[in-house]
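Below: one structure, written as structure tokens.
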Amino acid sequence: MTDSFSTPQCVFCQSEGGTLLWQEPLLRVVRADEAGYAGFCRIILQRHVREMTDLAPTERLRVMTVVFAVEQVLRNLMSPDKINLASLGNQTPHLHWHVIARFHADRHFPDAVWSAPKRVTKQPAQLSDAELTQALRTALQSG
């Protein structure tokens with residue numbers, strides 16, 4: 001069942017979910033405020049929907065096109081060792097994807113960023129929001 005309205009208890013219905021980088025009527029891309037992860041982005045649907053199969057096929061395709069564009073932008077700008085893609089929604093059942101640039105030296109690698117830290121690391125160099133926003137605009141306008 002599609003919950004196509006905003007719900008007051010949903011964090012992604014009530015807030016951007018991070019620093020807004022790019023948006024369109026269907027979805028938005030934000031940088032998550034996750035210490036130690038300069039390349040942690042979320043693609044969040046603009047309306048309250050729980051599952052990918054609640055979307056029309058064209059909407060599903062657009063969501064994945066944006067997920068892959070964000071992945072490519074992070075690869076180009078950061079040269080990570082790995083990119084993690086995740087769509088969980090167990091704690092926040094509002095359709096969203098995580099796109100996370102990962103490095104061997106990050107505090108959780110090779111485990112998920114939500115696991116217990118394996119090491120203490122210095123704060124990595126931060127990508128500017130402007131640089132990331134411009135790269136996303138370029139990637140999403142050309143694709």
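The values are calculated or read from the model by the stated rules, or taken from the named source; none is laboratory data. Please read all numbers here as calculations on a predicted model, not as lab measurements. Note: ideal-geometry Cβ built from the backbone for every residue, glycine included; neighbour counts use all protein chains shown.
In the set (1) loosely packed, with under 13 Cβ neighbours inside 10 Å; (2) aromatic (Phe, Trp, Tyr); (3) in contact with a strand residue (DSSP E or B) (Cβ under 7 Å, 6 or more places away or on another chain), Phe109 fails one condition alone, (1). Out of curiosity, is Gln23 surrounded by fewer than 16 Cβ atoms within 10 Å (Cβ to Cβ), over 14 Å from Ala139 (Cα atoms) and either of a type outside the set (A, V, I, L, M, F, W, C) or at pLDDT below 95 (or both)? Against the criterion (surrounded by fewer than 16 Cβ atoms within 10 Å (Cβ to Cβ), over 14 Å from Ala139 (Cα atoms) and either of a type outside the set (A, V, I, L, M, F, W, C) or at pLDDT below 95 (or both)), Gln23 does not qualify.
For (1) of a type in the set (D, E, K, R); (2) assigned to a loop (DSSP other than H, G, I, E, B); (3) under 19 Å from the mean Cα position of the chain (by Cα); (4) modelled with pLDDT of 90 or more, each residue gets a yes or a no:
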| position | (1), (2), (3), (4) |
| --- | --- |
| Ile100 | no, no, yes, yes |
| Ala105 | no, yes, no, no |
| Asp111 | yes, yes, yes, no |
| Trp114 | no, yes, yes, no |
| Val120 | no, yes, no, no |
| Leu127 | no, yes, yes, no |
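Scan segment 45-58 and tell me whether some residue there is in a loop (DSSP other than H, G, I, E, B) and over 17 Å from Leu27 (Cβ atoms). Within segment 45-58 (the criterion being in a loop (DSSP other than H, G, I, E, B) and over 17 Å from Leu27 (Cβ atoms)), the answer is no, since none of the residues qualifies. Each residue in segment 70-92 was checked for being free of Cβ contacts under 8 Å to residues at least 60 places away in the same chain and part of a loop (DSSP other than H, G, I, E, B), and 8 pass. When we screen Ala38, Ala56 for residues that are of a type in the set (Gly, Ala, Ser) and touching a residue at least 40 places away in the same chain (Cβ under 8 Å), the only hit is Ala38.
Pick from segment 93-106 the residues that are surrounded by fewer than 17 Cβ atoms within 10 Å (Cβ to Cβ) and not aliphatic (A, V, I, L, M): which of them is farthest from Arg62 (Cα to Cα)? For segment 93-106, the residue satisfying everything is His104. Of note, Val67 does not satisfy the criterion of being assigned to a loop (DSSP other than H, G, I, E, B), closer than 28 Å to Gln9 by Cβ, touching a residue at least 12 places away in the same chain (Cβ under 8 Å) and of a type in the set (A, V, I, L, M).
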